[in-house]
Each structure stands twice: as structure tokens, then as C-alpha cells.
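Heads up: the structure comes next, in C-alpha cells.
The values are calculated or read from the model by the stated rules, or taken from the named source; none is laboratory data. As the structure is a computational prediction, the values presented were derived from the model and not from experiment. Cβ coordinates were reconstructed from backbone atoms using ideal geometry, including for glycine residues, and neighbour counts include every protein chain displayed. These area figures cover heavy atoms from the full protein model, side chains too; ligands, DNA and RNA do not enter into them. Shrake-Rupley method; radii C 1.70, N 1.55, O 1.52, S 1.80 Å.
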Amino acid sequence: MYYKNILQIFSCLTVSRTINLIKTGFSMLVSFIFKKPIMWGKPYTLFIEPSGSCNLKCPECVVGSGMLTRPKGNMTIDDFKQIIDQVEKHVIIIYLYFQGEPFLNKHVYEMIQYARSKRMYVITSTNGHFFRKDEQVQALINSGIQYVIISMDGVTQDSYEKYRVGGKLEIVETGIRKIVAMKKQFKKHTPALALQFLVMRDNEHEMPL
């Protein structure tokens, strides 16, 4: 799976992105040699947050716990496209998440499709509560996204909800099964799925020995 992801990232390279990648890599080497910061080229990865809100109340999260004081809201598709158009010549990878839940934004699939139309490698991270229906799963697969991280911090509801407050493990498990089944049905290799398990006191006993 890792090998396939590397190949997909390389397939996103263009002439301008390759030149920029060489510039940034070479500047890192020169900076290391001369022991001072030297910067050539532009960033080749970019984090974009589709939504500043979340449906869960995770206590260690600045959004879920309410510690984040900035206004909550969703990015518009026009703003997203404007950003992508500005960076498409040098950005290779788009991380379509940050602190909020990206799938609260109704335009998220359109955002993914637009980034993919620019030959960008798209990664997102989600709590996995938005794939209950077949049409949601089909939209995810048809969007062309290559990598999806799904938070699954427990193998029982009791341990899971200690951190994912307000979440339902059964919903997450059902969504994962639907994604895997529909990928097989339509013979799709993407998105690759990564299950994230944050080890804490309440779930560490569920880790394999």
C-alpha cells in the first residue's frame, strides 16, 4: 500500500513542481552545510481546513473542548478554488484537514475533485461519522481522493467514547465496511484507508501484545 501511495504522489509531478521540489531539497542541503537558513523554492505541501467545526467533543481537541476561540465556519468552494489556483504550480500534496471535521463542509467532495483535477495528491482525516449512506461512500470514492485517515480510538464503545465524546463506534465501523465493500464493487484502489488509534489510559489494554 505504501509503495502504491508513493507512485501516486510521483504521478502528480509536473515540470514546474519537479523544479520547485529540487530547489527546496537543495536549499535544505545548503542550509545544513552552512548552518544557516537558506530558502529556495516554495512549499510543496499545503494544509487547508474545510471546516472549523466538529460534531464530537473530544477533550484534548481545541475545537471539541471549546478552547478554540476563533469563529467557526466552513470554507466556501470559491475560496478553495482560488487557493488551489494560486499554488497549483508548486504544491503536490493537499492535506484537506486541520482541527475541524472536514466532512461537515457540504462542498468537501467538490473540493477534492477540484484539487484532483489539478493533479494534486489529496489526504484527509475524519472521525468517520459521515459514511453511513451509500451515496456518501460513493461520493467519497468518486471524488478521487487517495488517502483517508479515520480515527478509531477504541475497539469497544466504552473505551472509544472516553475520548471521542459523542461518537458511536458502530457508525465508524459501518462506514469503514461500506467503503471497503464499495471499492471492491467498483474495482477501485483508492482511497487507501488508515485507521488512527491514539493510545490512552482507557484503551491501551486493547493494543495487541
- Partner lysines for Lys57 [C-alpha distance under 18 Å; skip if fewer than 8 residues away on the same chain]: Lys72, Lys162, Lys168
- Item | Counted charge near Asn142, where neighbours are those whose Cβ lies closer than 13 Å (Asp, Glu -1; Lys, Arg +1) | 0
- Compute the long axis of helix 134-143 from its Cα atoms, compare it with the longest principal axis of the Cα atoms of the chain, and write down the angle in degrees, 0 to 90, nearest 10. 10
- Angle, helix 108-117 long axis vs. longest principal axis of the chain, Cα atoms, 0 to 90°, nearest 10? 30
- Around Gly175, what is the net charge, scoring Lys/Arg as +1 and Asp/Glu as -1 over all other residues with Cβ under 12 Å from its Cβ? +2
- Per-residue [θ]222 nm for the chain (sum of -39500 (n - 2.57) over DSSP H runs n ≥ 4, rounded to 500): -12500 deg cm²/dmol
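Taking all protein chains in place and a 1.4 Å probe, what share, in percent, of the accessible surface of the chain do carbon and sulfur account for?
Carbon and sulfur atoms account for 59 percent of the accessible area of the chain.
I need the trypsin sites (Lys or Arg not before Pro) found in the range 121-209, filtered to DSSP loop residues with at most 16 other beta carbons within 10 Å of theirs.
Arg132, Lys133, Lys168, Lys187, Lys188, Arg201
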- If you count, for each residue, the other Cβ atoms within 10 Å and average over each peptide, how do 74-87, 26-39 line up from highest to lowest? 74-87, 26-39
- Mind checking which lysines have their C-alpha under 30 Å from Lys35, skipping anything on the same chain fewer than 8 residues away? Lys23, Lys89
- Nearest 10, in degrees from 0 to 90: the angle of helix 15-34 to the longest Cα principal axis of the chain is 80
- Item | Candidate lysines for bridging to Lys188, where Cα separation is under 16 Å - those fewer than 8 sequence places away on the same chain excluded | Lys4, Lys178
- Message: If I take the Cα coordinates of the chain and project them onto the principal axes, what are the three extents in Å, biggest first?
- Response: 52, 42, 42
- Note on the structure: the range 117-167 and the range 192-209 have their Cα centres apart by a whole-number Å value of 16
- Orphan Cys of the chain, criterion: no other Cys C-beta under 4.7 Å: Cys12, Cys54
